[in-house]
Amino acid sequence: MGTYAIIETGGQQLRVEPGRFYNICHFASLTPNRLERNTKILIHRVLMIRQESNISIGNPWLEGAVVKGRILHPCLGKKILIYRMISKKKTRRKSGHRQKSTRFLVDSIFLDGKEIYG
């Protein structure tokens, strides 16, 4: 196991590693018109950082911990189907939607101004 961090964004907690990409439903800090390619992002809500055998846990977040990354592109998730049927009335309704998400790449993890990995 190498270096990783657990962050909170978009109502989810994610285990992120430098050099990998992840899909997030929505970033609270960015408006939809600012989600362009190669937009730099900083995530300050870091819950935990593991560096080799050292583990730093925040209460609730780590002070001075930042995950730096950039947006690769916006994308759509899988289609969710909603099928409603009212029995004995011959009524059927089928609808659905695709949730918007954003793919971002984690460049590096910082703790107290020092780059841990990246």
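What's the magnitude of the charge dipole for the chain around its Cα centre, counting Lys and Arg as +1 and Asp and Glu as -1 at the beta-carbon? Answer in Debye, nearest 20.
Working: 22 positive and 8 negative charges, 346 e Å.
The dipole of the chain has a size of about 1660 debye.
Full extension of the chain between L72 and C25 gives 15.5 nm of extra length, using 0.36 nm per residue less the Cα-Cα distance. Note on the chain: percent of Cα-Cα distances in each 10 Å bin, starting at 0 and stopping at the bin with the largest distance, equals 13, 38, 24, 12, 8, 5, 1.
All other residues with a Cβ under 13 Å from the Cβ of E115 taken together, and with Lys, Arg as +1 and Asp, Glu as -1, what is their net charge?
Here the count lands on 0.
How many percent of the accessible area of the chain is carbon or sulfur, using a 1.4 Å probe? Could you put the intermediate results ahead of the total?
Working: 4230 of 8470 Å².
Carbon and sulfur atoms account for 50 percent of the accessible area of the chain.
Ordering C75, S56, I116 by Cα displacement along the dipole of the chain toward the positive end leaves C75 in first place; charges were set at the Cβ atoms of Lys, Arg (+1) and Asp, Glu (-1).
Each peptide in 37-46, 71-80 gets a packing score, the mean of other Cβ atoms within 10 Å over its residues, and the list from highest to lowest is 37-46, 71-80. Give me the 1.4 Å probe accessible area per residue for segment 1-105, excluding ligands and nucleic acids, in Å². Per residue, segment 1-105 has 73 Å² of solvent-accessible surface. Electrostatic tally near K94: other residues with Cβ closer than 12 Å to its Cβ, Lys and Arg +1, Asp and Glu -1, net +4.
The values are calculated or read from the model by the stated rules, or taken from the named source; none is laboratory data. Since this is a predicted model, take the numbers as computed values, not measurements. Don't worry about glycine lacking a Cβ; one is built from the backbone with ideal geometry, like all the others, and counts go over all protein chains shown. For the accessible areas, the whole protein counts, side chains as well, though only heavy atoms, and no ligand, DNA or RNA atoms are used. Shrake-Rupley method; radii C 1.70, N 1.55, O 1.52, S 1.80 Å.
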